[in-house]
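The next block holds one structure in the form of structure tokens; read it before the comments.
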Amino acid sequence: MREIVAAIHAAVPPGLTVKLYAGISRSDYVGPMWAIIDDLVNQDGIAGVDLHGHEPAPAEAWTAPVWARLRAAGKVTKCHAGEFDGARRVREAIEQLGVTRVQHGVRSIEDPAVVALAVEGGVTFDITPISNVRLQIVPNLAAHPLRALMNAGVNCTVSTDDQLVFNNTPLDEYRALATEAGVTRAELALIAGSGWRVADVSAAESAAAQADNARLTAV
Ligand SMILES: [Zn+2]
């Protein structure tokens, strides 16, 4: 694990910022994986973790204490929820795992109480619209709950899902939202700003990017 992390960082081209997140399956904390997961708190090359896997299965008992330990060590903790299961998994991610970054979160729209929970907790939903359509989480982009979630006050970002699977860029996501879901330029700017607000970069970098975003929006 340490060799892999070091090799990835060594291969980063100059000028590119790369943050590594360890994707951990809901059922991964078994056998030799215990030690690897427990050691993540000590790994400077790992920015954080993301829980994924078979979403209809509830988070196992090991997860909450491990996630809390990682946060205490300064790592960002995330969780896939509200993609292949409903709003209950988003509630679980927020209340039990204590995350403020939910990956997808789109199906929280099925329960207004969970949407309110996300707003109150300042939780961000990292949304990947094209993937949501291709995986049939939503029938099409026009029916995507992104705008409803934003209007409810949830901080929503837009990015790509696994690029090796879906083969699209962030620009493709923005363009598809504009052409297929009627998302306006001002809304796209809001989304970009939401992303930079929670980005794992320095405060100065975030501020500069947000200023740039505001400038481009005004053009
Ligand atoms: Zn995903």
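The values are calculated or read from the model by the stated rules, or taken from the named source; none is laboratory data. This structure is a prediction, so every number in the text was calculated from the model and none was measured. Cβ coordinates were reconstructed from backbone atoms using ideal geometry, including for glycine residues, and neighbour counts include every protein chain displayed. Just the protein is used for accessible areas: all its heavy atoms, side chains included, with ligands, DNA and RNA removed. Shrake-Rupley method; radii C 1.70, N 1.55, O 1.52, S 1.80 Å.
Observations on the model:
- Test: residue in the stretch 169-180 that is within 14 Å of the ligand (Cβ to nearest atom) and touching a helix residue (DSSP H, G or I) at 6+ places or on another chain (Cβ under 8 Å): yes
- Ser194 vs. criteria of a type in the set (Ser, Thr, Tyr), open to solvent by less than 40 Å² (accessible area, probe 1.4 Å) and under 20 Å from the mean Cα position of the chain (by Cα): yes
For every residue, the table says whether it meets (1) outside any helix (DSSP H, G or I); (2) over 13 Å from the mean Cα position of the chain (by Cα); (3) not β-branched (Val, Ile, Thr).
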{"site": "Ile130", "(1), (2), (3)": "no, yes, no"}
{"site": "Arg147", "(1), (2), (3)": "no, yes, yes"}
{"site": "Cys156", "(1), (2), (3)": "yes, no, yes"}
{"site": "Asn168", "(1), (2), (3)": "yes, yes, yes"}
{"site": "Asp172", "(1), (2), (3)": "no, yes, yes"}
{"site": "Thr179", "(1), (2), (3)": "no, yes, no"}
{"site": "Ala207", "(1), (2), (3)": "no, yes, yes"}
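- Where a residue in the stretch 166-182 is under 18 Å from Pro139 (Cβ atoms) and its partner, wherever it lies, is surrounded by fewer than 16 Cβ atoms within 10 Å (Cβ to Cβ), with Cβ under 6 Å and at least six apart: Ala181/Ala142
- Annotation note: Cβ proximity below 8 Å between a residue of the stretch 192-219 that is closer than 17 Å to Tyr174 by Cβ and a residue that is of a type in the set (Ser, Thr, Tyr) and assigned to a loop (DSSP other than H, G, I, E, B) (sequence gap 6+ or interchain) occurs for Gly195/Ser159.
- Within the stretch 120-140, residues that are touching a residue at least 24 places away in the same chain (Cβ under 8 Å) and more than 26 Å from Thr77 (Cβ to Cβ) reach partners that are within 12 Å of the ligand (Cβ to nearest atom) and open to solvent by 10 Å² or more (accessible area, probe 1.4 Å) with beta carbons closer than 9 Å, at six or more positions or on different chains, in the pairs Arg134/Asp161; Arg134/Val165; Arg134/Phe166.
- Only residues that are farther than 16 Å from Asp39 by Cβ and either within 16 Å of the ligand (Cβ to nearest atom) or open to solvent by less than 10 Å² (accessible area, probe 1.4 Å) (or both) were counted across the stretch 60-76, and they come to 2.
- In the stretch 9-31, the residues that are under 23 Å from Trp67 (Cβ atoms) and open to solvent by less than 80 Å² (accessible area, probe 1.4 Å): Val18, Leu20, Tyr21, Ala22, Gly23, Ile24, Ser25, Arg26, Ser27, Asp28, Tyr29, Gly31
- Residue selected from the stretch 100-126 under the condition within 16 Å of the ligand (Cβ to nearest atom) and either basic (Lys, Arg) or in contact with an Asp or Glu (Cβ under 9 Å, 6 or more places away or on another chain) (or both), by the criterion most open to solvent (accessible area, probe 1.4 Å): Arg107
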